[in-house]
Every structure is written in structure tokens, then in C-alpha cells.
Amino acid sequence: MAFDVDQSRRTWDDMIKKYGGLAILRQPNVPDRYIMCMRTQFSAMERLGGISNPSDRKILISVFVPDTYDLLDPDPCEKDVLVMLILDSNGAPVLDDDGNPQTKELLKIVAPPAPVGPDVLYWRLQVRA
């Protein structure tokens, strides 16, 4: 039986939507890209191996644009800033008086984004405030 990449991507996307929320990848000279992301923890082995700074956070992001099932374009990169949004109880962004989503915090990507899986099932980011 062959591995169904599309089904696995959708499974990861569903999990990230269930346990995460809407955010933005922002980069100079590139339009903002809405994403779904989920905060996770580093494993003890990652901490012992010195792979991460104790103040770093690990974030998983879906390969899909939230309102469509199009793949993110361009892929996440170290030039991006992860913009965490203030969300209401339904998971929608809270807007300011000008209609722009309110920012909760800006997180710098401190390591190259890691694609996970043979055909990129999701992305793993290491970020720092």
C-alpha cells in the first residue's frame, strides 16, 4: 500500500488547526501569508543535545493556506517573522479600528525552517521573541 501524502498533509493540517491558531508569516517585500500554526515542546533529547536555546520555541505550521488547500508559497524561510495574532473565542483574528489583525507578539525565526516528511507534510520552525 502506497503512502498517501495528500491524506497525511490533511491529517497534520487538521491537528494543527485543532490545537493551534491563525498567524502570519511576514517578510519585507512579500505580501503577508496567513498560516495555521501550533506551539510544541522540544524533547529532552533535543535540549540535552544543545540543539536549542532554552528561550526558543518550536512551532509546527501547516503546508496549506488556511482558507484554501493551496500550498504555502513561498515556503517559510529565515527572513520571515512569525506574527502571532490575538484571536477571539472562535479563532478569528481580533481587528483594530483600521480593520487590521491585532498582533500578540512577533517571533524571529532563528534556524532554517525544517520541512518534515518526504514530500513536506508540515514545517517545523524554531523561533524566539
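Nothing in this text is a laboratory measurement; each read-out follows from the coordinates by a stated rule. For clarity, every value in this text was computed on a predicted model and none was experimentally measured. Cβ sites come from the backbone with ideal geometry, for glycine too, and all protein chains shown count toward neighbours.
If R0 is 30 Å, the Cβ-Cβ spacing of CYS77 and SER8 corresponds to a FRET efficiency of close to 0.80.
Calculation over all alpha carbon pairs of segment 5-128 in 10 angstrom steps from 0 returns a P(r) of 13, 45, 34, 8, 1 percent. Charges were assigned to the Cβ only: +1 to each Lys and Arg, -1 to each Asp and Glu. The resulting dipole of the chain about its Cα centre is roughly 620 debye.
Pick from ASP97, ASP32, ASP88: which residue has the top mean-square fluctuation in a GNM of the chain where Cα pairs under 10 Å get a spring? Taking springs between Cα atoms under 10 Å, the residue moving most is ASP97. Of the residues GLY117, PRO93, THR103, the one whose Cα sits farthest toward the positive end of the charge dipole of the chain, with +1 on the Cβ of Lys and Arg and -1 on the Cβ of Asp and Glu, is GLY117.
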